[in-house]
Amino acid sequence: MKYFLVGGFGLLVLVLVSKVFVVLGLINLETFSSEARIKQTKVEQINEKKLQTIGKQTYEVFCSSCHGMDGKGNNGKAHNHTKRIAKKTVLDIIKNGSNNFKTIYPSGMPSGLVNEMEAQEVATYVANGMKTKKPKAWSVCASCHDESGEGILYVAPNIKYYSDELVLTVLKNGKKGVIGTMPDSFADKLSEIQIKALANYIRSIQK
Ligand code: HEC
Ligand code: HEC
């Protein structure tokens, strides 16, 4: 009888303790452990569907405050991710040059590579996703950005779509441009998987 009582009491204590953990878990461990799980998993182990889910969640937490839940850039406050690049950005970079991505392109892009009229033509071409006829002056840009616009590693970035490399570069360096300033603080806060997932997600909303 005595043993039963002790046993029963022990069981009660166990149940109570586990309840406390469940409650704590709801508040804390849930978010904590899913973050930790993401950090521990290897990139190769993640399938496309999972990657998309992680990308969307990470975007909502870290990026949507500026870029908007729909990725369209909050009425011009940040870059619109449903397009790779806007005409006004291309024109600004041709006119002023750019040296944001120092980790990979230390000398940046020089200004004034083409004249005003050529600038208009290539900017329209780039902003339309390079789907229209190539203007003549594109050959100047192609010498660094490649004929395809997909960039050349260590020479110039991809200006056609959001490659993994491009997104990683932006997260490491931040960006100061004609739209505004993106902080450079993200790369350290995010795991390799989260960064890959973000690139995947942004590509998926680009039209
Ligand atoms: C000498 C090589 C070179 C040439 C030629 C060149 N670029 Fe670039 N471009 C770069 C580099 C390097 C960067 C990255 C700049 C940075 O670090 O901010 C860049 C950045 C850009 C960006 C911004 C990309 C982003 O993600 O913010 C655009 C748009 C662009 N170039 C368009 C053009 C166009 C259009 C031309 C042709 C008129 C051109 N570039 C010619 C090297 C070049
Ligand atoms: C504090 C506001 C802010 C936050 C938060 C933010 N961004 Fe940005 N981001 C910007 C602004 C502003 C620009 C446009 C800079 C410019 O071109 O003038 C930008 C531009 C970009 C670009 C385009 C760079 C290019 O090549 O032209 C990418 C990609 C990007 N952000 C990704 C992200 C991702 C992914 C996150 C979340 C991890 C994020 N941003 C969080 C403000 C922000």
*If you find the alpha carbon centre of region 146-207 and of region 98-145, how far apart are they in angstrom?*
17 Å
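Excluding ILE104 itself, calculate the net charge of residues whose Cβ lies under 10 Å from the Cβ of ILE104, where each Lys or Arg counts +1 and each Asp or Glu counts -1. Each step should come with its number before you reach the end.
Numbers: positive: LYS102, LYS172; negative: GLU165.
For residues surrounding ILE104, the net value is +1.
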*Any chance you could tell me what percent of the C-alpha pair distances in region 87-205 go past 19 Å?*
48 percent
*Got a sec to turn the phi values of region 171-176 into Karplus ³J(HN,Hα) couplings, 6.51 cos²θ - 1.76 cosθ + 1.60 with θ = phi - 60°, whole Hz, x for Gly and Pro?*
5, 6, 9, x, 7, 10
*State, as an integer percentage, the relative contact order of region 87-205 based on alpha-carbon contacts under 8 Å between residues 6 or more apart.*
21 percent
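Excluding MET69 itself, calculate the net charge of residues whose Cβ lies under 12 Å from the Cβ of MET69, where each Lys or Arg counts +1 and each Asp or Glu counts -1.
Cβ neighbours under 12 Å give a net charge of 0.
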*asked:* Can you compute 3J(HN,Hα) from phi for each residue in region 135-141, using the Karplus curve 6.51 cos²θ - 1.76 cosθ + 1.60 with θ = phi - 60°, rounded to whole Hz and x for Gly and Pro?
replied: x, 4, 5, 4, 4, 5, 5
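Each reported figure results from applying straightforward, stated rules to the coordinates on display, with no laboratory input. Every value quoted in this text rests on a predicted model; they were computed, and no experiment measured them. Counting neighbours? That spans all protein chains shown, and the Cβs are built from the backbone with ideal geometry, glycine included.
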